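Here's the structure, in structure tokens; my notes come after.
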Amino acid sequence: MMSVAIAALAMASAAAQNIRDKVCIVKGNLSNENSEFLAKIQDSLKTEGYSYYAKYIESFLKGTFGSGFIWYAQDGKPYIVTNGHVVYDYETVNISFENEDGSVSEFKDMKIVFTDDDVDVALVGLPASFKKEGLVLSSTKVSDGDDVFSAGFPGLAGEPSWQLGKGIVSNASTKVKELLDPSISTLIQHTAQIDGGNSGGPLLVKDTSAKAGYKVCGINTWKAIARQNTNFAIPASTLESIVKSNFINGEKTSFESRSKAFVESAAKDKEFSAIAPFVSNSMVSNYGEAALKEVLGKSSSSVRSYVSDIFEANPIEGLRYALAYQIRSKIDIENRLNVTETSDETSGKNVKFTAGESSYDSFWIQEHGLWKISEFAGIKADKKKTDKEKARNTNGSNVTFEDPYLVSVCGGFSRNFTEEDNGFYLDLAFRANFVSVGMSLMTESLTFMNEDEYSSTPSEEATASMACIGPFIQLKVPVKVRKVVIMPFAEARAGLAFTSDLDMNLKPFFAGLGGGLEVAYCTDSDVSPYLGMKFLSNSYKSEADESYSVKDLVIFAGIKFSEK
């Protein structure tokens, strides 16, 4: 009995080793352009006070990895199958196999030849000299309760470590539209062990007809965090189908199909996330920093939260979605986009889109086997800085001219220099970068000559309380240093004046001029506190055309709000 048990164990180990020879570690290599760009934006975010976001770049730069397996596709060539999200942000990948003797076989800087926007799969090309046998895809659909095995290299102490897990199929054809459109494919839900790093590895079923002892029934892709042992794999039949149609037959990789898909994505009202797959890594490195800062500073709270959550998990993807939001914001959603003009260049295609009377120039390049946007009308990078400016920014003086908030409300008190008493002040403003308009309410006192036409006694001075309400306009120059906005401004105002002293015989209008300084702190949330002071001179007239002037020093505090 003991010899039988040992023999069975030995056979199982041999089968596991056969699998291990065909499953690999997939580690992405950032392009020099993106690597330098991420280091630069990390410093820039720290300088401008966005240290919360800078730390995620630091973690991302340390590198990520996933799993993959050898497969000979319908064209007879060897590829590494993995998930799109494992390789999507990288220029090339390194492939590593752990051999039976403990050595490692490594293939560096392998090209990503295919990714798919709808199904999270990717193919990595292998050299023509590659001789290892691959795994075979199962043509038999799994059923609930079938034994399945997960194979891959999840992380252990930060390093990939081989793991072969066992479980059962808990739902052979589950539909989770947030993961994969059910009209394309259902998913295999299973309980075989999955951890971070398993992404892209095979889900296996035992099959004695295969040399490895197993066949691939799926690609492990997702894990439900809130549920126990709930993992999802893309069926092998789906992999086989999309590779044949979209990669080998080219149904999805041609420019015509990509531009058509972009037009369809742009037609989805407010769904800027649908545009993200069309944004190239090249565009991310050239324009991502400016896009992220604009989203963090000026977009609605829902957009900012959405992009921030993605950025925390993957900074490159966060920048990609920020650019997708910018592109979507530029497009006239009232009219459908059309491709009206294309011209070829050595490095890509110039493409002009139109929507109604609007037109948009763009430049497209091929990346990971797909046509993607490298430039789009109206999307700009941060202004290039001189060496002197760069040196200054290194010391923390990153300066822009912007007021990143839309609405403000403030209140305070006014010191009346003319009458030497105090009043109160309240205003509501709608803000643009260099102009604000709003309504204000303030109180003050005014001294006038109280004359009695029936009295022979000299006129006496009298003081009346005033309430003034009306619109104002400010011309301002907001200077943003890191996260502090210093804003000198000049303003003009006019409106209605009310007094309870009827003897004053005052016309019910006033006008005023003034100027001052406002200082605000830009938080990472929807609100920003600010303080300020200004000098105002308000003018009034009596029915007898006598002029009165009141001078006030106003000290105020308030809150600015971002656009919702």
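The values are calculated or read from the model by the stated rules, or taken from the named source; none is laboratory data. A quick note: this is a predicted structure, and the numbers were derived from the prediction, not measured. All Cβ positions, even for glycine, are placed from backbone atoms using ideal geometry, and neighbour counts span all protein chains on display. Note: areas computed on protein heavy atoms with side chains; ligands, DNA, RNA excluded. Shrake-Rupley method; radii C 1.70, N 1.55, O 1.52, S 1.80 Å.
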Item to complete: Please state which of the following conditions K111 fails to meet, knowing it meets all the rest: (1) under 21 Å from W371 (Cα atoms); (2) open to solvent by less than 50 Å² (accessible area, probe 1.4 Å); (3) under 27 Å from the mean Cα position of the chain (by Cα).
Response: (2)
Worksheet item: In the range 78-92, is there at least one residue being in contact with a Ser or Thr (Cβ under 7 Å, 6 or more places away or on another chain), exposed (fewer than 15 other Cβ atoms within 10 Å of the Cβ) and either in a strand (DSSP E or B) or modelled with pLDDT under 90 (or both)?
Response: no
Discussion item. Tell me the residue from F434, F472, F489 that is open to solvent by 50 Å² or more (accessible area, probe 1.4 Å) and either at pLDDT 90 or above or within 43 Å of the chain's Cα centre (by Cα) (or both), please.
Written reply: F434
Fill in: Scan of the range 143-162 for residues that are of a type outside the set (S, T, Y), crowded, with 19+ Cβ neighbours inside 10 Å and assigned to a strand (DSSP E or B), ordered by number
V148, F149, A151, G152, P160
Worksheet entry | Matching option when the condition is of a type outside the set (F, W, Y), free of Cβ contacts under 8 Å to residues at least 40 places away in the same chain and either farther than 30 Å from R482 by Cβ or part of a loop (DSSP other than H, G, I, E, B) (or both), among E106, E100, E58, E133 | E106
Worksheet item: Taking K223, is it under 17 Å from the mean Cα position of the chain (by Cα) and surrounded by fewer than 22 Cβ atoms within 10 Å (Cβ to Cβ)?
Response: no
Worksheet entry | All positions within the range 176-216 that are touching a helix residue (DSSP H, G or I) at 6+ places or on another chain (Cβ under 8 Å), of a type in the set (A, V, I, L, M, F, W, C) and farther than 16 Å from G68 by Cβ | I184
Worksheet item: Identify, please: which residue in the range 507-524 is touching a residue at least 60 places away in the same chain (Cβ under 8 Å) and farther than 12 Å from A557 by Cα and is, among those, nearest to the chain's Cα centre (by Cα)?
Response: D524
Worksheet entry | Enumeration of residues in the range 352-377 that are open to solvent by 50 Å² or more (accessible area, probe 1.4 Å) and farther than 25 Å from Y90 by Cα | K352, G356, E357, S359, D361
Worksheet item: Checking F247 against (1) more than 16 Å from Y79 (Cα to Cα); (2) modelled with pLDDT under 90; (3) surrounded by 17 or more Cβ atoms within 10 Å (Cβ to Cβ), which single condition isn't satisfied?
Response: (1)
Worksheet item: Can you tell me which residue in the range 57-66 is modelled with the lowest pLDDT, limited to those that are in contact with a Gly (Cβ under 8 Å, 6 or more places away or on another chain) and buried (at least 17 other Cβ atoms within 10 Å of the Cβ)?
Response: T64
Practice prompt. Among the residues of the range 286-335, write down those that are at pLDDT 85 or above, within 21 Å of S35 (Cα to Cα) and of a type in the set (S, T, N, Q).
Written response: N286, S308
Worksheet item: Which one is modelled with the lowest pLDDT among residues in the range 9-44 that are part of a helix (DSSP H, G or I) and basic (K, R)?
Response: K40
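For every residue, the table says whether it meets (1) without any contact (Cβ under 8 Å) to a residue 24 or more places away in the chain; (2) open to solvent by 20 Å² or more (accessible area, probe 1.4 Å).
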| position | (1), (2) |
| --- | --- |
| N286 | no, yes |
| R320 | no, no |
| I333 | no, yes |
| S343 | yes, yes |
| N350 | yes, yes |
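Residues checked against (1) under 9 Å from the mean Cα position of the chain (by Cα); (2) among the aliphatic types (A, V, I, L, M); (3) outside any strand (DSSP E or B):
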residue	(1), (2), (3)
G297	no, no, yes
V303	yes, yes, yes
E317	yes, no, yes
R320	yes, no, yes
Y325	yes, no, yes
S343	no, no, no
K349	no, no, no
Discussion item. Give me the residue from the range 118-140 that is modelled with pLDDT under 90 and over 17 Å from K244 (Cβ atoms) and, out of that set, least open to solvent (accessible area, probe 1.4 Å).
Written reply: K132
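Give the residue that is nearest to the chain's Cα centre (by Cα), with candidates limited to residues of the range 247-270 that are farther than 25 Å from E341 by Cα and not aliphatic (A, V, I, L, M).
Only one residue tops the list, namely K270.
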Practice prompt. Can you work out which of the residues in the range 518-546 that are among the aromatic types (F, W, Y) and open to solvent by less than 40 Å² (accessible area, probe 1.4 Å) is modelled with the lowest pLDDT?
Written response: Y540
Fill in: Residue among T394, T457 that is farther than 30 Å from E289 by Cβ, at pLDDT below 85, loosely packed, with under 15 Cβ neighbours inside 10 Å and of a type in the set (V, I, T)
T457
Worksheet item: Do we find a residue being in contact with a strand residue (DSSP E or B) (Cβ under 8 Å, 6 or more places away or on another chain), in a strand (DSSP E or B), of a type in the set (G, A, S) and surrounded by fewer than 17 Cβ atoms within 10 Å (Cβ to Cβ) anywhere in the range 172-180?
Response: yes
Item to complete: Could you tell me which numbered condition A236 fails, if it satisfies all but one of (1) open to solvent by 60 Å² or more (accessible area, probe 1.4 Å); (2) in contact (Cβ under 8 Å) with a residue 12 or more places away in the chain?
Response: (1)
Worksheet item: Residues in the range 305-318 that are open to solvent by less than 40 Å² (accessible area, probe 1.4 Å), of a type outside the set (F, W, Y) and in contact (Cβ under 8 Å) with a residue 24 or more places away in the chain: how many?
Response: 6
